[in-house]
1. Between A:Asp116 and B:Ala443, how many nm apart are label points set 7 Å from Cα along the C-beta direction?
2. How well do other chains shield peptide A:160-170, expressed as the mean number of their Cβ atoms within 10 Å of each residue Cβ?
3. Roughly speaking, to the nearest percent, how much of the protein assembly as shown's 1.4 Å accessible area is carbon and sulfur?
4. Counting only C-alpha contacts under 8 Å and six or more residues apart, can you give the relative contact order of chain B as a whole percent?
5. Between A:Gly217, A:Ala152, A:Ser167, whose Cα lies farthest towards the positive end of the dipole of the stretch A:86-235 when Lys and Arg beta carbons carry +1 and Asp and Glu beta carbons carry -1, centred on the Cα centre?
6. Hey, what angle do you get for helix B:2-28 against the long axis of chain B, alpha-carbon based, 0 to 90 degrees rounded to 10?
7. Between B:Arg580 and B:Ile20, 0.36 nm times their residue separation minus their Cα-Cα distance comes to what?
8. Along the Cα-to-Cβ line of A:Asp58, 7 Å from the Cα, sits a label point; which residues in the stretch A:1-27 have backbone N less than 17 Å from it?
Amino acid sequence: MLLNVQNLKVSYGAVEVIRGIDFSVNKGEIVTILGGNGAGKTTVLKALCGLIPSTGGDITYSDSKITNQEAHRIVERGISMIPEGRQLFPYLTVRDNLMLGAYRRGARAQLCTRFDSVLDIFPKLADRLNQLAGSLSGGEQQMVAIGRGLMAQPELLIFDEPSLGLSPLLVEQMFGVIKRIAREGLTIIVVEQNVLATLEIADRGYVLENGAIALKGTCEDLKSNPLVKQAYLGH
Amino acid sequence: MSIQHSISRRSLALIIAAVILMLAPVLAGSNYFLHIAVLVCVFGGLATAWNIVGGYAGQISLGHAVFYGIGSYTAVIMMLRFELSPWFGMLVGMVISGIAAVVVSWPTFRLKGPFFSLVTIAFLEVVRLLAIHDQDLMGGSSGLTIPLNIGFEWMVFREKEYSYALALFFLLLTLGVAWLIRRHKMGFYLLAIREREDAARAIGINLVSTRIRAMVISAMLTSMIGSFYAMYLTFIDPDATFSLAISIQIAMFALIGGLGTVFGPVIGALIVLPVAELMRGWLSTYANGIHGAVYGLVLVIAVLKFPRGIVGGLATLTCNEKARIQSLLASHANKGFLQDTLPAQVSDGKVILEADGLVKRFGGLIATNHVSLQLKQGEILGLIGPNGAGKTTLFNLLSGFLKPNSGVIRLMSEDGEAVNVVSPTQCARLGVGRTFQIAQPFAGLSVLENIMLGAFLHTSDVRAAEQIALDVARVTGMENQLDKPASELTVGGMKRLEVARTLATRPRILLLDEVMAGLSPTDIDQAIALIRQIRDAGVSVLMIEHQMRATMALCDRIIVIDAGAVLMEGTPDEVVNNERVIEAYLGSGYKNAA
């Protein structure tokens with residue numbers, strides 16, 4: 001088990017938004033977390049990455065605790081997040097954005113090979129390297145965001161809404177990219193509103209409702225579950 | 001009931017505070033305490049006036065002593081030259097300061113952050129040097145001494161109690177103005193500009209005039225207090241009046257007390273000033289200069305402990321906004337916003353928005369390449385295309401945010417006249433509402449206040465704006481989040497807020513930029529129903545959307561843009577079956593699914 005989360009709790013002020021959830025991710029898996037708006041998906045991811053403090057529970061990553069460690073230490077351990085809404089450095093070039101991803105110790109040594117492999121996945125970026133990241137279109141920005149995450153040479157890559165604001169064609173390509181990255185041996189957590197497409201590529205899923213896990217299972221099970229069908233597949 | 005109750009309790013607390021303020025120094029009986037009390041009133045007033053620009057509008061002026069100095073010098077010069085009462089000089093000073101404020105803020109309103117601050121410092125420095133070099137009128141570097149004419153009309157008194165009463169009067173006057181601004185449309189508009197300029201323009205706020213008005217009011221109040229303080233000191237010179245140190249001190253009191261709050265600046269002055277003065281008195285006997293060190297320490301602790309200022313920090317503890325909104329909602333009669341509040345329109349299929357031959361270049365890139373389109377009254381027109389095709393650029397052109405290199409955009413006004421689009425503010429006032437692809441909430445304000453800001457386009461009354469906001473919140477399903485700060489919403493919530501704020505402007509034409517991105521399938525169903533209702537109320541809708549399910553369900557016509565130009569135009573069915581559209585946009589997966 002690569003990542004094991006037990007009884008995780010997160011509060012904003014007096015309001016407990018994550019109310020003690022358990023989930024785990026095995027090495028090489030693609031795991032998805034589903035849920036409506038405000039269910040707490042992004043909050044769980046942020047707590048995993050140390051961007052917000054958890055108020056209870058344990059997060060174990062390859063046999064050692066990372067609960068409430070500082071975000072940069074968690075990146076050092078090998079967890080990278082591709083945040084919702086891309087969050088690039090808009091006034092830096094594409095090249096600099098990618099290079100900043102390799103800030104992690106250990107990643108710096110293999111900078112060049114990583115860089116080449118990112119351009120291999122996203123050949124379009126090769127023409128854009130000297131452009132400011134803020135001037136790219138939405139799809140290209142998403143490519144840079146994923147590329148930046150890959151530059152850290154993570155073992156666990158977390159996607160928060162990778163298809164947000166992309167055209168149908170690009171959404172299709174994006175899921176192809178996630179699958180390709182997984183084939184290369186990375187472990188992946190995906191949060192997506194595009195439930196149907198996500199269940200196609202993932203191995204297992206958890207359904208989060210009001211800060212608690214309402215349902216879990218393999219993607220095959222979830223796809224045929226009437227509750228999931230009605231609430232998340234829209235028919 | 002409970003609202004009335006809390007208001008009366010608050011005003012009671014204010015009255016008690018005012019009585020204590022009035023009596024305390026007098027009862028203390030010592031002239032030294034009275035002097036500190038006058039200082040607190042003067043600097044509290046100056047900080048309050050500064051806060052209208054620095055706090056509400058978020059433009060940190062570090063040259064506010066210029067207006068203070070103008071007030072001082074005008075009153076003194078009028079007195080020396082023409083033997084006029086400083087009350088009259090005070091008024092003249094306020095007029096001059098108001099004009100000076102326009103002169104400073106007109107060319108600098110585009111500057112933000114440190115640049116605006118630098119310009120204000122430079123302006124202050126220029127005026128200070130002029131004052132030093134002007135021997136005749138302003139007495140040069142040696143300054144001016146005020147003749148000791150005692151009496152109310154000369155603002156000079158033998159007993160400090162009278163000076164204190166007058167100082168308190170000016171403080172309360174300034175506070176009153178600051179309070180009124182904060183409670184009214186102008187205050188909301190200033191906060192909106194501070195938070196997000198583009199979003200403010202999209203809801204019809206004129207950035208220039210709103211900022212200048214704030215600056216003028218702030219300058220006039222500062223000048224008024226300057227005139228009084230000159231009479232109290234009975235001596236002025238350029239270095240002490242046109243002083244950067246004073247400018248910074250004023251800003252600091254506001255920062256420590258709570259930037260952008262009504263009472264923060266006074267509280268800041270009330271806490272910091274006596275500490276500074278008493279330290280000077282008590283500690284200078286032990287070691288010279290130690291009071292400065294202690295003073296500095298107090299400031300560091302204050303800033304660390306209360307990063308949002310003392311009042312800002314307390315405000316989060318005594319949060320009764322939630323209860324107030326609950327009771328507002330309870331007493332709110334459910335009006336059919338879409339039917340009753342939106343401007344009634346006949347969907348007669350006439351062209352309401354028209355673009356003709358639009359071209360927009362960014363350097364060598366042609367983002368919009370000879371695009372023409374027509375939006376008819378009461379229709380839903382879809383705009384789709386690959387990422388980077390220029391859809392958002394086209395939106396920015398249509399809503400006046402960008403100027404085309406060539407081509408025209410015509411908008412049918414309510415009277416049926418064709419008007420050329422020139423600016424976002426004009427566009428909003430003519431009834432074009434737009435949302436932003438990357439949501440632009442006024443992050444520091446509550447959801448309720450965000451929606452109210454849209455409503456202010458057609459009303460100046462806060463209560464009326466509140467009612468409209470409640471109506472809109474009900475329609476858009478944001479009722480349960482009204483008291484939340486907009487920054488705490490989820491991405492989907494922010495998208496919904498974009499729509500709500502725009503709806504509150506009562507648009508005739510609605511431009512929606514990817515409002516469904518980040519929504520779950522069930523939320524998308526709700527959004528589809530909402531947009532259909534909006535259209536049925538007579539609003540014409542132009543929407544950019546990647547969620548094909550929504551586009552297919554809603555749109556009467558679809559225009560496909562690729563590489564800046566129109567690829568095709570047609571009904572949803574024609575579009576999804578077009579080979580070129582499938583290749584450029586939909587992808588093969590969609591073809592198989594359809």
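The values are calculated or read from the model by the stated rules, or taken from the named source; none is laboratory data. Just so it is clear, the model here is predicted, and its values are computed rather than measured. Neighbour counts run over all protein chains shown; Cβ positions are idealised from the backbone, glycine included. With ligands, DNA and RNA removed, areas are computed over all heavy atoms of the protein, side chains included. Shrake-Rupley method; radii C 1.70, N 1.55, O 1.52, S 1.80 Å.
1. Here the answer is 4.0 nm between the modelled labels.
2. Counting Cβ atoms of other protein chains within 10 Å of each residue's Cβ and averaging gives 6.
3. The computed percentage sits at 58.
4. It comes to 15 percent, rounded to a whole number.
5. Going by the Cα projections, it comes out as A:Ala152.
6. It works out to around 20 degrees.
7. Stretched out fully, the B:Arg580 to B:Ile20 stretch lengthens by 193.8 nm.
8. Within reach of a label on A:Asp58, which here means backbone N under 17 Å from a point 7 Å along Cα→Cβ, the stretch A:1-27 contributes A:1-9, A:20-25.
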